[in-house]
Amino acid sequence: MHLSEYSDLFLPAVEQHLFSTLEEYLKSAFPELREAIFYQFGFSNADSGKMKGKRIRPLLVLLTADLLSIDWQKFLPAASAIEMLHNFSLIHDDIEDHSPLRRGKETIWKKWGTEKAVNIGDMLFILSVQTIHTSTENFGLKESLEGSRLFLQTASSIMQGQQMDMAFEGNGEVTKEDYLFMICEKTAALLAHSCEISAVLAGSDLKIRQKFHTFGLNLGMAFQIYDDWLGIWGKERQTGKTECSDLIEKKISYPVMLGLQQNTAFYDIWHATVHFSKDQAQETADILSRAGIEAQVLERAAYYNEVALQALESINGKQAAKKAIRTFAEELIKRNY
C-alpha cells in the first residue's frame, strides 16, 4: 500500500471514531460546550468548506501499528485520545497567543470568549484522558496502564513547553538551546508519543519503543522548525493564518532567535518595534532572508528529518508501512499534510 491508500483507509476511520466518541461523551453536555468542541474538530454544520485538522498524530499511531503488523483498528481509541489532547493544547495555545484564526476560521476564544475557551479546553483534556483509558478494552492491563502513564507524561511536557514559550516572550536572554528544548517539550513530545504508543500497547520491548520514540521526537523537531518557517514565510492558504503572523505577533521562533543572534539590522528593528504592521513584517522577513536565516531554518528542519528517518530505518517491520511512514515524514517537511 502507498501512503495515499493508507490515508484513504485510516483517516475516515479516525474521523468516525472521533465523532462517535465525542458524540457519546457529550450527548448530555450543555449545548454550548458540545457545539464548541464539535466546532474545534470541524464537525459542525458551519464548517462546510473549512479546513479541518490534518490528523497527523492519529495517522502516525495507525501507521506505526501497521508497521508492527498489529490490527490497526485496536489503536483507534489511542489515536482519538491523542488528537483530543492535541486540540486541547491548540485551544489553550490560541488563547495564550491571542490568535484570532486557526484553520481559516475563528479560534474558540475569539468565538466564545476567553473564559469559556479555558473551560472548553479543560473539558477536552478530560475527554482525552477518558478515551486513552479505554485502551484496556483491546490490550492488557499492564500495557494499557503504561500507555496512560506516558500519555499523561506527554501532556505534562506539552504544558511545560507552553509555559516556557510564554515565559520566553520578550526575554532577550533566551538561548537557541533554550528554544530547542522548549519546542521539544511543547511539540515534539506529542509526536514522539504518537509514534511510540502502538509499541507500548503492543508490549514491544524497550529498544523497539525507543526507536519509535526517537523517530517521532526528531520528526516533531523538524515539524516545529518548519512550522516556524511557515510562521514568517508561509502563505495564508498553507497556514490559515495571516502571512508573517509570527513577526506581527512578535513571537519568539527559531528564525527570530537566529536573527537576533546573527543580524544587527534585525536585532535593532526587533527591539525598536512594539507592533509590526503587515508591510513592516514583510520588510523584516526580507531582511532575514537576505541574511541567510531562512536557509538555515530549512537546513535545520531537514537535519532533524534525516535523524528521524535513520531511526525509522532501524526498525524491523512491514515494509509497505515503513515506506508509507517515510513518505509521510518527507511530505510533512514540505507541508503536504
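Among the residues of segment 284-313, those that are surrounded by 13 or more Cβ atoms within 10 Å (Cβ to Cβ) and of a type in the set (Gly, Ala, Ser) comprise Ala285, Ser289, Ala291, Gly292, Ala301, Ala302, Ala308, Ala311.
You will find that of Ile252, Ile208, the residue that is under 26 Å from Arg326 (Cβ atoms) and either modelled with pLDDT of 95 or more or in contact with a Phe, Trp or Tyr (Cβ under 6 Å, 6 or more places away or on another chain) (or both) is Ile208 and no other. Consider segment 249-265 and keep the residues that are crowded, with 19+ Cβ neighbours inside 10 Å and small (Gly, Ala, Ser). The one that is nearest to Ile293 (Cα to Cα) is Gly259. Looking across segment 163-178, the residues that are part of a helix (DSSP H, G or I), modelled with pLDDT under 95 and not aliphatic (A, V, I, L, M) come down to Asp165, Phe168, Lys176, Glu177, Asp178. Entry remark, segment 2-46: residues being among the aliphatic types (A, V, I, L, M) and within 14 Å of Leu59 (Cβ to Cβ) number 6 in total. Of the residues examined, Glu115 is one that is at pLDDT 95 or above, more than 21 Å from the chain's Cα centre (by Cα) and more than 25 Å from His17 (Cβ to Cβ). Given the criteria among the aromatic types (Phe, Trp, Tyr) and farther than 23 Å from His86 by Cβ, does Trp233 qualify? Considered against the rule, which asks whether it is among the aromatic types (Phe, Trp, Tyr) and farther than 23 Å from His86 by Cβ, Trp233 comes out as yes.
Can you tell me which residues in segment 273-290 are of a type in the set (Val, Ile, Thr) and in a loop (DSSP other than H, G, I, E, B)? If the condition is that a residue be of a type in the set (Val, Ile, Thr) and in a loop (DSSP other than H, G, I, E, B), then Thr273, Val274 are the ones that fit. Take the residues in segment 69-101 that are touching a helix residue (DSSP H, G or I) at 6+ places or on another chain (Cβ under 6 Å) and not in a helix (DSSP H, G or I), then tell me which one is nearest to Gln162 (Cα to Cα). The extreme case among them is Pro100.
Considering segment 315-335, the residues that are touching a Phe, Trp or Tyr at 6+ places or on another chain (Cβ under 9 Å) and surrounded by fewer than 16 Cβ atoms within 10 Å (Cβ to Cβ) include one that is modelled with the lowest pLDDT, namely Arg335.
Look at Gln16 and say whether it is over 25 Å from His213 (Cβ atoms), at pLDDT 95 or above and either of a type in the set (S, T, N, Q) or crowded, with 23+ Cβ neighbours inside 10 Å (or both). So Gln16 passes the test.
Does Gly147 count as touching a Leu at 6+ places or on another chain (Cβ under 9 Å), of a type outside the set (Ser, Thr, Tyr) and either under 25 Å from Lys235 (Cβ atoms) or not in a helix (DSSP H, G or I) (or both)? When the stated conditions are applied, Gly147 does not pass them.
The values are calculated or read from the model by the stated rules, or taken from the named source; none is laboratory data. Here the structure is a predicted model, which is why all the values come from computation and not from measurement. Glycine also receives a Cβ, built like all others from the backbone with ideal geometry; neighbour counts cover every protein chain displayed.
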